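Below: the structure, in structure tokens.
The values are calculated or read from the model by the stated rules, or taken from the named source; none is laboratory data. Bear in mind that the values here come from a model prediction, so they are computed numbers and not experimental data. Please note: Cβ atoms are built from the backbone with ideal geometry, for glycine as well, and neighbour counts cover all protein chains shown. Keep in mind that these areas ignore ligands, DNA and RNA; they rest on the heavy atoms of the full protein, side chains included. Shrake-Rupley method; radii C 1.70, N 1.55, O 1.52, S 1.80 Å.
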Amino acid sequence: MIRRCILLLAICAPAATPVRAEYGDVVINGYSEKAGVRPVIFPHWFHRIRFQCRVCHQELGIQMRAGSNEIDMAKISDGRFCGACHNGEVAWSAENCDLCHSARAGLKTGVRGGHKTLGPGEY
Amino acid sequence: MARLQRRFVFVALLCAACSVRGAGPWQDLADDGLHDPAGPGIGVLQQPGEALSVLPQDGAGNHVHWVKALRDGFITPRHALADEPPPAIDTTEIIMRDTSTLPFVRFPHRAHTEWLDCTICHDRLFERKVGTTPINMGAILQGKYCGVCHGAVAFPLTECNRCHSVRDVPVAKAAAPP
């Protein structure tokens, strides 16, 4: 009986406590922690429900490589990058710091989520 | 019999405990290894399972078939912030035949231009002329060419057959862009 319980637990435990970022989540920590705030998590899944890729990656000119955009709060306040929408009109304003700056301490900039390759997942 | 009942109850409780963590394959934000569970935003942000479980399902990535979700009107993402006419959709397909023992690759412009502008890929990632870009899996796996998106945000590179999907196409039928 005990052996069976252990076996069952071993099977169920990974399903009960998986730790996995959502596919396409991007951690942005170019300046955040140096400035004393949590790193940013950008969830692709949330944004692509509402905007086609072309809006950010063409109209706003955001490069498709995590860490290559050098986004900081001054640029956001000027209406660039996230600030094109996060201005209190299209989406919540940048004054809601904690909604973007929501990551655990110590995370490095990069694309996260399930399927790692040598490429984007490692940037 | 009592012993059997006890076992049944135990297994039922175990299964219930396993299913507590949200429905489907989506991780709650507080448990995803990225979000700080103590952060003030955690109770405000939308949970992936809430948003994604109502969209057409898929077996990889976000477990959402994004192309189907867009085409079938499950989602209506904006194509521009500025007031612009809808983008042009390119429906040409390219068959790539230099695939060794794997099936040929069928590249559908339609699924891509429904989301992206031509200039995002051309000519930074791919030359416009068919056959002039040295696309290969080694480079893709390192995040180049298709691998800029596939493996990061578009369906992952474990889905070989979605691209390598054409077993045999006569040369005359292989579509090429004008």
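Brief remarks follow.
- Tally, over segment A:48-82, of residues that are closer than 30 Å to B:ILE89 by Cβ and not in a strand (DSSP E or B): 24
- Neighbours by Cβ (under 7 Å, 6+ apart or cross-chain): first from segment B:89-113, buried (at least 17 other Cβ atoms within 10 Å of the Cβ); second of a type in the set (Asp, Glu): B:ARG106/B:GLU93; B:PHE107/B:GLU93; B:PRO108/B:GLU93; B:HIS109/B:ASP90; B:HIS109/B:GLU93; B:THR113/B:ASP90
- Among residues of segment B:70-86, those that are open to solvent by 70 Å² or more (accessible area, probe 1.4 Å) and farther than 13 Å from B:VAL54 by Cβ, counted: 7
- Test: residue in segment B:37-58 that is outside the structural domain of B:CYS163 (by TED's automatic domain parsing), in contact with a Ser or Thr (Cβ under 8 Å, 6 or more places away or on another chain), of a type outside the set (A, V, I, L, M, F, W, C) and not in a strand (DSSP E or B): yes
- For first residues located in segment A:58-73 and closer than 23 Å to B:ARG78 by Cα and away from chain B (no Cβ under 14 Å), partners that are exposed (fewer than 14 other Cβ atoms within 10 Å of the Cβ) and of a type in the set (S, T, N, Q) and lie 6+ apart or on another chain with Cβ distances below 8 Å form the pairs A:ASN69/A:GLN63.
- Subset of segment B:124-134 [within 14 Å of chain A (Cβ to nearest Cβ) and open to solvent by 50 Å² or more (accessible area, probe 1.4 Å)]: B:ARG124
- Residue, nearest to the chain's Cα centre (by Cα), within segment B:46-69, restricted to residues that are open to solvent by 30 Å² or more (accessible area, probe 1.4 Å) and among the aliphatic types (A, V, I, L, M): B:VAL67
- In segment B:150-161, the residues that are more than 7 Å from chain A (Cβ to nearest Cβ), open to solvent by less than 40 Å² (accessible area, probe 1.4 Å) and out of contact with any Pro (no Cβ under 8 Å at 6 or more places or on another chain): B:ALA154
- Selection of segment B:151-165 for residues being in contact (Cβ under 8 Å) with a residue 12 or more places away in the chain and not in a loop (DSSP other than H, G, I, E, B) yields B:ALA154, B:CYS160, B:ASN161, B:CYS163, B:HIS164, B:SER165.
- Scan of segment B:63-97 for residues that are at pLDDT below 95 and of a type in the set (Asp, Glu), ordered by number: B:ASP83, B:GLU84
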